[in-house]
Amino acid sequence: MATYKKRGFKPKNKEEEARIEEHDSTTAEVFNTLDESASKTEEWVQKNQNYILGVIGVIAVGVLAYLGYHQFIQNPKEASAANELFYPQQYFDQALASETAKDSLFTLALNGAQGKYGFLDIIEEYSGTKAANLAKYSAGMTYLNLKQYDQAISYLEDFSSDDDIMGAMAKGGIGDAFSQLNQPEDALDYYERAVAHSDNEFTAPRFLYKAGVVALDLGEKNKALGYFERIKEEFPDSQEGNGVDALIGLAQN
C-alpha cells in the first residue's frame, strides 16, 4: 500500500525516521484491514444475495399488502358499515321520540327490517370497523331501554371511545344497568368512572348526581357530600344543580 509523503521532506534524524516508518506501517495496516473487511462484506453479500433479496421482497410485499388492505378492503368496508348504520339508528331515534311504540322500534333497531341490517348485524358483519364499535354503543343503550340489563352491560363494556360524551355515557349506562339490577356498589363504581372519563358540563353533573345518590343509599355520606358539593361548585347552572342544597343537607346529617 502506497503512503503519502510531503515532497522534499527529510527526517532530521534516525529516531524521527523510525517514527515516520512506524506511522506509515500502521496506516498501511489499517487500510489493509479495511480492504480485507470490504472484500469479506462483498463476498458475504454475493453469497447471500438471494436471501437478502428474499427478505427485501417479503418486506415489500408486506407493505404493499398493508396498503392494499386498507385501500381496497378496509376503507370500502368502513364506508359500507357506516352506510348500514344509518338505518337502525333511525329506528333508535324514533323509539326515543315515540310514546307508544318504543319497544317495537328498539327491536327493529337491534335486528333490522326490510332487508336492512340492525345493530347486531353490523357488529357481526363489520367487525373491526368504527361503525361496528358505534353499533355496540347503540345496541347497549337499546338493551338498556328494553330493560335487558345484562345485555346492555355486555355491549357497553365492549364499546370503546375516547370521546368525552360517548365514553362517559357508555360508562354511565353500565352504572344505570347495575343500579337496575340492584347492584349499587357496581353502579357507583361505573358512575365514578363516567365522571373520571370527562368533566364536561353535560355528563359530569349527571353522573356526579347519580353517584351521590347511590353513595347516600349505601351510607357513604362523606363520599356523597363530596359529589354534591362538586355539582354546586363546578356546575351550579346545570339541571342537577337545582335542589342540590337539599342533598348536601342530607349528606351532612
**Request:** Could you sort 204-210, 221-227 so that the peptide with the highest average Cβ count within 10 Å comes first and the rest follow in order?
**Result:** 204-210, 221-227
**Request:** Could I have the simple spin-label model distance between residue 125 and residue 242, label points 7 Å from Cα toward Cβ, reported in nm to one decimal?
**Result:** 4.4
**Prompt:** Roughly speaking, to the nearest percent, how much of region 191-253's 1.4 Å accessible area is carbon and sulfur?
**Reply:** 45
**Prompt:** Can you pick out the pairs among 116/136; 102/232; 136/223 whose Cα atoms lie more than 28 Å from each other?
**Reply:** 102/232; 136/223
**Fill in**
Taking every other residue with Cβ under 14 Å from the Cβ of residue 245 and scoring Lys and Arg +1, Asp and Glu -1, one gets -1
**Prompt:** With r defined as the distance between the Cβ atoms of residue 218 and residue 86 and R0 fixed at 41 Å, what FRET efficiency is calculated, to the nearest 0.05?
**Reply:** 0.45
**Asked** For region 104-160, rounded, prolate or oblate, judged on the Cα gyration tensor with a ≥ b ≥ c (square roots of eigenvalues), a/c < 1.5 rounded, else prolate if a/b > b/c?
**Response** oblate
**Asked** What order do 84, 220 take when sorted by accessible area (1.4 Å probe), most exposed first?
**Response** 220, 84
**Prompt:** Modelled label-to-label distance, residue 157 and residue 183, 7 Å Cα→beta-carbon offset: nm?
**Reply:** 0.7
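The values are calculated or read from the model by the stated rules, or taken from the named source; none is laboratory data. Predicted model, so just to flag it, every value in this text is computed and none were measured. Please note: Cβ atoms are built from the backbone with ideal geometry, for glycine as well, and neighbour counts cover all protein chains shown. These accessible areas exclude ligands, DNA and RNA; they are computed on the full protein's heavy atoms, side chains included. Shrake-Rupley method; radii C 1.70, N 1.55, O 1.52, S 1.80 Å.
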